[in-house]
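Student: For reference, the structure I am asking about is given below.
The values are calculated or read from the model by the stated rules, or taken from the named source; none is laboratory data. Given the structure is predicted, the values throughout are model-derived calculations rather than measurements. Cβ atoms come from the backbone with ideal geometry, glycine included; neighbour counts cover every protein chain shown.
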Amino acid sequence: MDVQDIDFEELYRGTTPMGRKMPWDIGAPQPAVVALADAGEFTGEVLDIGCGLGDNSAFLASRGLHVTGLDGAPSAIEQARTRTGDVTFAVADATKLEGYEGRFDTVLDSALYHCLGEDERHRYLAALTRATRPGARLHLFAFSPEVPDAFPAPYLISEANLRETVGKDWTIEKLEPTVYTTSMTAEELKQSIRTMLDAEPAGLDRLDTDDDGRVLVPVWQLTAVRR
């Protein structure tokens, strides 16, 4: 199944067989995002692109930052607004970002990039370049090829892909492997993959889990500066 066949609006409405529990919705900020914030990596006007239900946005706002959370799924934005009133949430096409030109100093992409097709990724990076100021920082998390075969190939991003696409207008300062916390145990994630992607899980048992038994998925962590 191609990633572009997934209807994220239906997922956020809870009208798919997997209900409202989604692998990326942990009900809290991603630990890797918290670590970046602790290191002072978010400054100025912050864009949380593909914000989903807004937990990363809300966390960053709690640190005193002015945050805009954008997502293409109206139902995600509706729910995000109920979780916090300290963030400006809106529906937007990440490959266009019309009306946001020259606005942001820091961008967080917490697992949006790998949900886009290859042509969309190039349009997306061009839109981010237009929406940011020179010197802006981009923090991006995307599934790496270390993810088991259970995940369809469109999700898996090579190092070369990131260096070519992001590196066109951004100077990559860091690109290294880390992990992304999911909301699910190994068994829950297997069932989610069967339901959402119509694929038989394979290799998930070799993934690490955190102290709460939640699966940790291998991702790239990229930091880049807009030229």
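Student: For the subset of segment 156-189 comprising residues that are outside any loop (DSSP other than H, G, I, E, B) and crowded, with 18+ Cβ neighbours inside 10 Å, which member is modelled with the lowest pLDDT? Give the steps one after another, and end with the answer.
Tutor: Let us first name the residues in segment 156-189 that are outside any loop (DSSP other than H, G, I, E, B), namely 159-168, 170-181, 186-189.
Narrowing the set further to residues that are crowded, with 18+ Cβ neighbours inside 10 Å leaves 162, 165-166, 170, 179-181, 189.
Numbers: 162: 98, 165: 97, 166: 98, 170: 98, 179: 97, 180: 97, 181: 97, 189: 86.
Across segment 156-189, the extreme among qualifying residues is 189.
Student: Another question about this same structure. Here are 68, 43, 84, 15: which of them is surrounded by fewer than 19 Cβ atoms within 10 Å (Cβ to Cβ), among the β-branched types (Val, Ile, Thr) and at pLDDT 95 or above? Walk me through it before giving the result.
Tutor: On the way: 68 fails: surrounded by fewer than 19 Cβ atoms within 10 Å (Cβ to Cβ); 84 fails: at pLDDT 95 or above; 15 fails: at pLDDT 95 or above.
Going through 68, 43, 84, 15 in turn, just one is surrounded by fewer than 19 Cβ atoms within 10 Å (Cβ to Cβ), among the β-branched types (Val, Ile, Thr) and at pLDDT 95 or above: 43.
Student: Do we have any residue at all in segment 38-53 that's of a type in the set (S, T, N, Q), touching a helix residue (DSSP H, G or I) at 6+ places or on another chain (Cβ under 6 Å) and in contact (Cβ under 8 Å) with a residue 12 or more places away in the chain?
Tutor: The initial filter retains those residues of segment 38-53 that are of a type in the set (S, T, N, Q), namely 43.
Now restrict to residues that are touching a helix residue (DSSP H, G or I) at 6+ places or on another chain (Cβ under 6 Å): none.
No, segment 38-53 has no match at all.
Student: Given (1) among the small types (Gly, Ala, Ser); (2) crowded, with 17+ Cβ neighbours inside 10 Å; (3) in contact (Cβ under 8 Å) with a residue 40 or more places away in the chain, where does residue 58 come up short, assuming only one miss?
Tutor: So the condition that residue 58 fails would be (3).
Student: All but one of (1) assigned to a loop (DSSP other than H, G, I, E, B); (2) surrounded by 14 or more Cβ atoms within 10 Å (Cβ to Cβ) hold for residue 211; state the number of the condition that does not hold.
Tutor: (2)
Student: Which of (1) farther than 24 Å from residue 212 by Cβ; (2) modelled with pLDDT under 95; (3) of a type outside the set (A, V, I, L, M); (4) buried (at least 20 other Cβ atoms within 10 Å of the Cβ) is the odd one out, the single condition residue 7 does not satisfy?
Tutor: For residue 7, the failing item is (4).
Student: Specify which of the listed residues (70, 138) is without any contact (Cβ under 8 Å) to a residue 40 or more places away in the chain and part of a strand (DSSP E or B). Quick ask: steps written out before the conclusion?
Tutor: On the way: 138 fails: without any contact (Cβ under 8 Å) to a residue 40 or more places away in the chain.
From the options 70, 138, the qualifying one is 70.
Student: For segment 18-28, give me each residue that is modelled with pLDDT of 85 or more and either surrounded by fewer than 16 Cβ atoms within 10 Å (Cβ to Cβ) or not in a loop (DSSP other than H, G, I, E, B) (or both).
Tutor: Passing the criteria: 27, 28.
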